[in-house]
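Shown next, in structure tokens, is the structure this report addresses.
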Amino acid sequence: MHLAHFPRVRLFPAPTPLEKLENLTRVLGGPEIWIKRDDCTVVATGGNKVRKLEFLAGAAVAQGADHLVTQGAVQSNHVRQTVAVAAKLGMKCSVLLEHRVETNDPGYLTSGNVLLDRLMGATIEYRPGGTDMNAAAEAKGEELRAAGARPYVIPGGGSNRVGALGYVSCAQELMQQADDMGLKIDRVVHATGSAGTQAGLVVGLEGMNAGVRVLGIGVRAPRPQQEANVHRLAQEVAAYVGVKGGIAREAVEANCDYVGPGYGQPTEGMREAVTMFAQLEGVLLDPVYSGKGMAGLIDLIRKGVIGAKERVVFLHTGGAVGLYGYQGFFEQGFAA
Ligand SMILES: *Cc1c(COP(=O)(O)O)cnc(C)c1O
């Protein structure tokens, strides 16, 4: 692995902080819980997609693109971060937003991420729930190309072998920090969706023989599908960066028991996790990803699946802007 072989634009000052969550560790009485603050990647309130975009936008610039195209749900953090990076690099940005979450809630439909997309000047089109969104984004790219633009099309979540390099890099950064601090890590836990974050982390950690397990907490697909998606992408990334022998299937572990009724649908576990983080640590999680990821970690600690002697790093993937899309849900909780 030698990431300097790949075009990259620097978008934030690394490393992101690695901190112990003293209060949460005490209250849960279990493993030592640390947090890797990838919600602090600077660009338009940050998040995990900024790391992927360092390599995706790097490739776009190398190809002479003048326009980024991508897609996501209405409250997509990935779309918001892509729009911001396009603005910063002086590119145009066209995004397709899928009505993936069935709701008439004006907060969800107009506040949070989508408000920021508009503020940062994205050209937005909507698509019905269930659309093949990556195909729709490719079609949008073709349309723009036919009209004379030089678009670069980024898949949902920035999850392909190029975007996942951002999390190979994060794995390297995390191990360097841990080694500098003399901190032995047993496991990394994070929310997994479009699979690029987990695929990159697994390739980075396996490529270094770090002996650190990765657990993805699913937010959309059932476990067999999620693990297959992550493993498929991890194999591609391993080949791309030259990790010999590929990635063992057992290195990919997801738990998809915390999705609740569906993608972007709030759960009581998410409410508890978001509230605990806010009130015990002053850290803001998000309702769609990191809130459900942490709900999973809390439950697995309470059940003893993650042992009291472990040291766990929760990778905070960002998304707190999405809280504004769920104001009604949180207000119900205050009233109760
Ligand atoms: C996109 C996203 C994730 C999931 O990352 P993937 O690479 O899509 O699996 C997790 N948390 C937040 C806040 C996100 O926006």
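Observations on the model:
- Taken over segment 161-188, the criterion of being crowded, with 23+ Cβ neighbours inside 10 Å and under 22 Å from Ile217 (Cβ atoms) is satisfied by Gly163, Ala164, Gly166, Tyr167, Val168, Cys170, Ala171, Leu174, Ile185, Val188.
- Among the residues examined, Glu102 qualifies as open to solvent by 60 Å² or more (accessible area, probe 1.4 Å) and in contact (Cβ under 8 Å) with a residue 12 or more places away in the chain.
- Checking each residue in segment 115-128 for being of a type in the set (Val, Ile, Thr) and in contact with a helix residue (DSSP H, G or I) (Cβ under 8 Å, 6 or more places away or on another chain) picks out only Ile124.
- Residue in segment 59-75 that is assigned to a helix (DSSP H, G or I) and either within 11 Å of the ligand (Cβ to nearest atom) or under 23 Å from Gly264 (Cα atoms) (or both) present: no
- Check on Val214, without any contact (Cβ under 8 Å) to a residue 40 or more places away in the chain, farther than 25 Å from Glu32 by Cα and among the β-branched types (Val, Ile, Thr): no
- For segment 304-326, the tally of residues that are under 22 Å from Leu201 (Cβ atoms), open to solvent by less than 10 Å² (accessible area, probe 1.4 Å) and away from the ligand (no atom under 11 Å from the Cβ) stands at 4.
Condition check ((1) within 16 Å of the ligand (Cβ to nearest atom); (2) of a type in the set (D, E, K, R); (3) at pLDDT 95 or above) across all residues:
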position: Asn255; (1), (2), (3): yes, no, yes
position: Gly260; (1), (2), (3): yes, no, yes
position: Tyr263; (1), (2), (3): yes, no, yes
position: Pro266; (1), (2), (3): yes, no, yes
position: Arg271; (1), (2), (3): no, yes, yes
position: Thr275; (1), (2), (3): no, no, yes
position: Arg302; (1), (2), (3): no, yes, yes
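- The single condition among (1) within 13 Å of the ligand (Cβ to nearest atom); (2) surrounded by fewer than 18 Cβ atoms within 10 Å (Cβ to Cβ) that Leu284 does not meet is (2).
- Qualifying positions in segment 137-160 - open to solvent by 20 Å² or more (accessible area, probe 1.4 Å) and hydrophobic (A, V, I, L, M, F, W, C): Ala139, Leu144, Ala146, Ala147, Ala149, Val153
Matching residues to (1) part of a loop (DSSP other than H, G, I, E, B); (2) within 16 Å of the ligand (Cβ to nearest atom); (3) basic (Lys, Arg):
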position	(1), (2), (3)
Gly163	yes, yes, no
Val168	no, yes, no
Ala171	no, yes, no
His190	no, yes, no
Ser194	yes, yes, no
Glu206	no, no, no
Gly211	yes, no, no
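- Going through (1) over 26 Å from Asn77 (Cα atoms); (2) touching a Gly at 6+ places or on another chain (Cβ under 7 Å) one by one, Met181 falls short only on (2).
- Residues of segment 100-127 that are part of a strand (DSSP E or B) and basic (Lys, Arg): Arg127 alone.
- Whichever residue in segment 1-11 is in a loop (DSSP other than H, G, I, E, B) and loosely packed, with under 15 Cβ neighbours inside 10 Å and, among such residues, is nearest to the chain's Cα centre (by Cα): Arg10
- Pairs are defined by a Cβ separation below 7 Å, a sequence spacing of at least 6 or placement on different chains, a first member in segment 188-210 that is over 16 Å from Gly245 (Cα atoms), and a second member that is among the charged types (D, E, K, R) and within 8 Å of the ligand (Cβ to nearest atom); the pairs so defined are Gly196/Lys52.
- Any hit, segment 31-43, residues being within 16 Å of the ligand (Cβ to nearest atom), of a type in the set (Asp, Glu), open to solvent by 10 Å² or more (accessible area, probe 1.4 Å) and closer than 30 Å to Ile306 by Cβ: yes
- Among the residues making up segment 38-73, a single one is touching a strand residue (DSSP E or B) at 6+ places or on another chain (Cβ under 8 Å) and of a type in the set (Ser, Thr, Tyr): Thr70.
The values are calculated or read from the model by the stated rules, or taken from the named source; none is laboratory data. Predicted, not measured: the structure shown is a model, and the values here were computed from it. Methodologically, a virtual Cβ is constructed for each residue, glycine included, from the backbone with ideal geometry; neighbour enumeration extends over all protein chains shown. Remember, those area values only see protein heavy atoms, side chains included, never the ligands or the DNA or RNA. Shrake-Rupley method; radii C 1.70, N 1.55, O 1.52, S 1.80 Å.
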